[in-house]
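Following: one structure in structure tokens, then a few remarks.
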Amino acid sequence: MTKKEFVVDIAEKGEIAKKDAEKFVNLFLDTVTDNLEKGNSVGFVGWGKWEVTERSAREVRNPQTGEKMQVKAKKVVKFRVGKSLEEKVAKSKTKKKSK
């Protein structure tokens, strides 16, 4: 689902204008982003949690050449799914996407 499709879905389910739904989605994303940039985690009980973690420097191999390379340490965002959402997804029937 793209951001545009997400906005349309919010607008339809919330019975609000697409413009208002887009404003809400942008505010939500900006708030999550701002908090992650500050190093704060963002979580919703039962749904999931975004958090910033440190990935240490390490040595890797280029799979095509076998050459060893160094990867610098960096911060990454991880999402951990909540139990309630995990259970709902596990119980849901899988739908194939039609093209």
- request: Determine whether residue 82 is of a type in the set (Gly, Ala, Ser), touching a helix residue (DSSP H, G or I) at 6+ places or on another chain (Cβ under 8 Å) and surrounded by 12 or more Cβ atoms within 10 Å (Cβ to Cβ).
  value: no
field: Any hit, segment 39-56, residues being touching a Lys or Arg at 6+ places or on another chain (Cβ under 7 Å), among the charged types (D, E, K, R) and over 19 Å from residue 28 (Cα atoms)
entry: yes
task: Return a yes/no flag: does segment 28-37 have any residue that is free of Cβ contacts under 8 Å to residues at least 40 places away in the same chain, on the phi > 0 side of the Ramachandran plot and not in a strand (DSSP E or B).
output: no
- request: Restrict the check to segment 68-75 and report whether at least one residue is closer than 27 Å to residue 38 by Cβ, part of a loop (DSSP other than H, G, I, E, B) and not assigned by TED's automatic domain parsing to the domain that holds residue 35.
  value: yes
- request: Answer with yes or no whether residue 88 is of a type in the set (D, E, K, R), assigned to a strand (DSSP E or B) and under 30 Å from residue 10 (Cα atoms).
  value: no
- request: For segment 1-27, enumerate the residues that are assigned to a helix (DSSP H, G or I), under 18 Å from the mean Cα position of the chain (by Cα) and not acidic (Asp, Glu).
  value: 3, 4, 6, 7, 10, 24, 25, 26, 27
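The values are calculated or read from the model by the stated rules, or taken from the named source; none is laboratory data. For clarity, every value in this text was computed on a predicted model and none was experimentally measured. With ideal geometry, Cβ positions are generated from the backbone for all residues, glycine too; neighbour counts draw on all protein chains shown.
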